[in-house]
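Read the structure below first, then the notes.
The values are calculated or read from the model by the stated rules, or taken from the named source; none is laboratory data. None of these values were measured; they are calculated from a predicted model. Virtual Cβ from ideal backbone geometry, glycine too; neighbours counted across all protein chains shown. Surface areas here come from the heavy atoms of the whole protein model, side chains and all, with no ligands, DNA or RNA. Shrake-Rupley method; radii C 1.70, N 1.55, O 1.52, S 1.80 Å.
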Amino acid sequence: MQSRREFLSTIAVGIGVSAVAPAWAAPQEEIKTSLNGPLGLQLWSLREYLPKDLRGTLTKVKAMGFRDVEGAGTWKHTPAEMRAALDAAGLRCQSAHIGFERLHDDLKGAFGEVKAVGATWVICPWIPHKDDTFTRDDAVKAADAFNTFGKAAADEGLHFGYHCHGYDFVPSPEGTLFDTLAANTDPQRVAFQIDVFHAFDGGADPVKLIERYKARVVSLHLKDLKKGVKVKVGTATAPPEEDVPVGTGQVDMPAVLQAARQAGTRFYYIEDESPDPWAHIPQSVEYLKKVEIR
């Protein structure tokens, strides 16, 4: 299986397919929560299953009660085939991850893919950097590129955002390198998707992050860090076994969701990078159905 970092650099696909737990035989009702936006699933969660059985896997996603998904490539299919599979499953894709290199080298093609699957949000999930060290210069250069991507997206009737990782929370003159990136991007053209797991594991407080950037936080990735794992500033990725169902780990999820409601966050996506997403995803759903956010 490819690493998360490799995917974020290339938006390549995962491998393999395995049997699905019998629990998915019975379709579930549409998920209802107290969130101020739809609860969707980031399709990277099922990266082992989508390449071999796209339609079958998407049908199972719908059977879990989801109506929204977030894209992560087209899984060895054309964008048109991906859209047809989404439509057949009764799913909609309003947001899609596209790699930095693809945006830099083929902006028109990237936007065409996003439109073809039905999305209006383009999310860049990783900023390439050398030697595992993200610098202020990297942040400033990325900000310049993001302003270009954001303006071009707006011209195409799309919206652009950046998905944070822990490497961007090291100190900088502006506070952190995430703050540097934010200060150098046009708030009207560049929004943010806060991955609460990666923000927390990278040394940031996701609640304060959401409160600081308010309306720029258009979406969240909801995932949780295993209890007992020590966080370290600048941590960018984590072993799969450290990803646990939402509400069972270290992240103060009620506070995160309350901050997001107050900020006007519009989209919420469960992302499960654990070794057993079919078991973990429904646990995360059940937690989010029960947690009360006022």
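Points worth noting:
- Meets criteria (under 28 Å from I281 (Cα atoms), open to solvent by 10 Å² or more (accessible area, probe 1.4 Å), under 17 Å from the mean Cα position of the chain (by Cα) and of a type in the set (A, V, I, L, M, F, W, C)) for L222: no
- Verdict on E292 being outside any loop (DSSP other than H, G, I, E, B), touching a Ser or Thr at 6+ places or on another chain (Cβ under 9 Å) and farther than 22 Å from E70 by Cα: no
- From the list G161, G150, the lone residue that is open to solvent by less than 20 Å² (accessible area, probe 1.4 Å), small (G, A, S) and closer than 22 Å to A236 by Cα is G161.
- Checking each residue in the range 27-50 for being surrounded by 18 or more Cβ atoms within 10 Å (Cβ to Cβ) and either out of contact with any Phe, Trp or Tyr (no Cβ under 6 Å at 6 or more places or on another chain) or free of Cβ contacts under 8 Å to residues at least 40 places away in the same chain (or both) picks out I31, T33, L43, W44, S45, L46, R47, Y49, L50.
- Of the set (1) farther than 16 Å from D272 by Cα; (2) surrounded by fewer than 22 Cβ atoms within 10 Å (Cβ to Cβ); (3) at pLDDT below 95, all apply to I11 but (2).
- Flag if V117 is of a type in the set (V, I, T), free of Cβ contacts under 8 Å to residues at least 40 places away in the same chain and open to solvent by less than 50 Å² (accessible area, probe 1.4 Å): no
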